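A short worksheet on the structure shown next.
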Amino acid sequence: MRKLICLVVVSFFLVPVQGQNPVYARKVVDTLCSPWFAGRGYLNGGDLKAAEYIKAQFTEAGLKPFGTSYFQQYGFTVNVFPTDPDIYIDGERLNLGSDFIPEAGCRTIAGTFELVWVDSETIDDPRKYKKFVEDTRFRKSFLVLNNLNRVSEKNLLNKIRSNDFKAAGIMEVVTKLMWSVATRQDMFPSLQIKPGLISQRSKLIKVNIFSQVNTHQTQNVVAFIKGLEKPDSFIVFTAHYDHLGMVGKSVYFPGANDNASGVAMLLDLASYYATHKPKYSLAFIAFSGEEAGLLGSYYFTQYPLFSLKSIRFLINMDLMGTGSKGITAVNATVYPDFFNKLEIANTAGNYLSPLNQRGKAQNSDHYFFSEMGIPCFFFYLMGEYAYYHDPDDRAENLPMEKYSEAFLLIRDFVSEIEIP
Ligand SMILES: [Zn+2]
């Protein structure tokens with residue numbers, strides 16, 4: 001009880017004095033991860049609902065759109081599963097999302113097939129491999145790939161993985177189910193399954209999976225605060241708000257760390273700077289399409305809403321929900337002078353440890369800006385958080401233990417950036 005009182009007192013003083021608002025950030029994460037937003041993807045209007053929410057937050061904070069709309073619209077194709085994929089192993093029904101999941105690019109398949117076990121011995125032992133190729137009725141079979149990390153015959157493994165033998169489908173046993181977004185369908189159906197649900201003795205799989213490629217209209221959400229002294233120079237904050245959406249009608253991916261956490265910080269920074277007016281202009285961009293291949297940020301660099309030449313620095317935030325194991329700055333070694341400023345700010349505030357530096361990486365929305373020569377960092381926090389691209393990346397699991405420190409580090413770093 002005393003602990004609780006202390007917490008309340010501390011946060012009461014922290015909010016007005018230092019600017020960041022962890023209570024608001026938590027609320028943003030909780031909201032964006034709720035079932036209404038359907039994993040901010042491609043079924044049930046998920047990403048549009050999230051875009052409307054972000055737009056409302058920008059409006060409420062007093063940010064302005066470039067032109068007449070906060071939305072920059074564009075589109076892409078995406079493979080979706082409108083109904084629940086269903087599989088039975090020897091009559092036993094498996095649970096979607098916890099026992100198995102179709103690969104994001106899985107194509108439609110229905111029927112009953114023989115299970116054929118493939119492990120490292122099947123591939124590395126020439127006699128067993130010959131028997132596997134000769135005996136398998138590939139068109140009537142689902143291959144079960146188990147524990148193939150130690151296979152030495154990599155060429156044969158690649159042949160099987162790319163389904164050269166034209167099996168009906170491929171199922172890989174994985175310790176952790178991990179989903180993604182596919183903009184088109186694979187050439188053959190494939191699934192991931194957890195260990196212990198299938199064995200060498202399993203005989204049959206009954207499968208019913210329906211998927212289709214939809215054309216999806218989406219939008220980046222963009223707003224700005226005009227600078228008091230140098231309005232034609234911009235510092236830009238970015239975070240992607242899309243996640244993986246849903247598979248079927250029942251399983252959704254909340255994407256708490258990836259990247260409701262980054263959106264929370266983006267919106268918190270927006271409301272902070274709305275009341276602490278900067279000398280130069282600040283733009284805030286919530287991108288869609290990141291999980292589908294950095295599509296929103298790519299589109300923005302092709303059709304910018306303000307001159308890219310006016311960007312003095314860009315800060316991309318993705319995976320901001322932890323921090324007990326420090327923070328990483330991608331592009332740190334590309335921009336050592338900026339990294340030096342970051343280190344000074346971090347040391348002065350005693351914010352995050354360690355502060356890691358990385359070189360270039362094509363792993364989030366800073367990438368296409370970076371390739372155009374725009375100075376930028378991509379920040380992500382590190383901690384003891386096991387959930388990534390799975391249904392357990394939920395708001396209630398997200399620690400956000402160094403949220404305030406990360407916010408203050410970014411704020412202090414930004415104040416050190418000199419605008420010529
Ligand atoms: Zn992400």
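Looking at segment 291-303, is at least one residue within 16 Å of the ligand (Cβ to nearest atom), hydroxyl-bearing (Ser, Thr, Tyr) and closer than 25 Å to HIS216 by Cβ? Yes, segment 291-303 contains at least one residue that is within 16 Å of the ligand (Cβ to nearest atom), hydroxyl-bearing (Ser, Thr, Tyr) and closer than 25 Å to HIS216 by Cβ. The single condition among (1) under 21 Å from ILE417 (Cβ atoms); (2) open to solvent by less than 10 Å² (accessible area, probe 1.4 Å) that GLY245 does not meet is (1).
One line per residue, one yes/no per condition, for (1) assigned by TED's automatic domain parsing to the domain that holds GLU103; (2) among the aliphatic types (A, V, I, L, M); (3) surrounded by 21 or more Cβ atoms within 10 Å (Cβ to Cβ):
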{"position": "ASN257", "(1), (2), (3)": "no, no, yes"}
{"position": "ALA260", "(1), (2), (3)": "no, yes, yes"}
{"position": "ALA270", "(1), (2), (3)": "no, yes, yes"}
{"position": "ALA274", "(1), (2), (3)": "no, yes, no"}
{"position": "SER297", "(1), (2), (3)": "no, no, yes"}
{"position": "ILE315", "(1), (2), (3)": "no, yes, yes"}
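Confirm whether PHE142 is buried (at least 16 other Cβ atoms within 10 Å of the Cβ) and in a helix (DSSP H, G or I). No, not satisfied. Residues in segment 341-359 that are among the aliphatic types (A, V, I, L, M) and either buried (at least 17 other Cβ atoms within 10 Å of the Cβ) or under 20 Å from GLY262 (Cβ atoms) (or both): LEU342, ALA345, LEU352, LEU355. The single condition from (1) assigned to a loop (DSSP other than H, G, I, E, B); (2) open to solvent by less than 30 Å² (accessible area, probe 1.4 Å) that ILE160 fails is (1).
Conditions (1) out of contact with any helix residue (DSSP H, G or I) (no Cβ under 7 Å at 6 or more places or on another chain); (2) outside the structural domain of ASP186 (by TED's automatic domain parsing); (3) in a loop (DSSP other than H, G, I, E, B), marked per residue:
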residue: SER98; (1), (2), (3): yes, no, yes
residue: ILE101; (1), (2), (3): yes, no, no
residue: ALA104; (1), (2), (3): yes, no, yes
residue: ARG107; (1), (2), (3): yes, no, yes
residue: THR112; (1), (2), (3): yes, no, no
residue: VAL116; (1), (2), (3): yes, no, no
residue: ILE123; (1), (2), (3): no, no, no
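Taken across segment 322-340, residues that are within 23 Å of ARG358 (Cα to Cα), within 12 Å of the ligand (Cβ to nearest atom), crowded, with 21+ Cβ neighbours inside 10 Å and in contact (Cβ under 8 Å) with a residue 24 or more places away in the chain do not occur at all. The one condition from (1) of a type in the set (Asp, Glu); (2) more than 19 Å from the chain's Cα centre (by Cα); (3) open to solvent by less than 20 Å² (accessible area, probe 1.4 Å) that GLU371 does not meet is (3). Exactly one residue out of LEU204, LEU177, LEU191 is open to solvent by 20 Å² or more (accessible area, probe 1.4 Å) and touching a strand residue (DSSP E or B) at 6+ places or on another chain (Cβ under 7 Å), and it is LEU204. GLN362 passes every criterion in (1) within 16 Å of the ligand (Cβ to nearest atom); (2) of a type outside the set (Phe, Trp, Tyr); (3) assigned to a loop (DSSP other than H, G, I, E, B); (4) open to solvent by less than 60 Å² (accessible area, probe 1.4 Å) apart from (4).
Among the conditions (1) over 19 Å from PRO420 (Cα atoms); (2) part of a loop (DSSP other than H, G, I, E, B); (3) more than 16 Å from the ligand (Cβ to nearest atom), LEU228 misses just one, which is (1). Filtering ALA286, ALA270, ALA274, ALA223 for residues that are away from the ligand (no atom under 16 Å from the Cβ) and part of a strand (DSSP E or B) leaves a single hit, ALA223. Select from segment 101-134 the residues that are hydroxyl-bearing (Ser, Thr, Tyr) and surrounded by fewer than 20 Cβ atoms within 10 Å (Cβ to Cβ) and write down the one among them that is nearest to GLY245 (Cα to Cα). The selected residue is THR108. With respect to (1) in a loop (DSSP other than H, G, I, E, B); (2) touching a residue at least 24 places away in the same chain (Cβ under 8 Å), the lone exception for LEU409 is condition (1).
Figure legend. Inter-residue proximity from segment 12-41: first residues assigned to a loop (DSSP other than H, G, I, E, B), second residues at pLDDT below 65 and open to solvent by less than 50 Å² (accessible area, probe 1.4 Å), beta-carbon distance below 8 Å, spacing 6+ or different chains. Indicated pairs: ASN21/VAL15.
The values are calculated or read from the model by the stated rules, or taken from the named source; none is laboratory data. Keep in mind that this is a model prediction, so the values were computed, not measured. Cβ: placed from backbone, ideal geometry, glycine included. Neighbour counts: every protein chain shown. When the accessible area is computed, the model is the full protein with side chains, heavy atoms only, and any ligands, DNA or RNA have been set aside. Shrake-Rupley method; radii C 1.70, N 1.55, O 1.52, S 1.80 Å.
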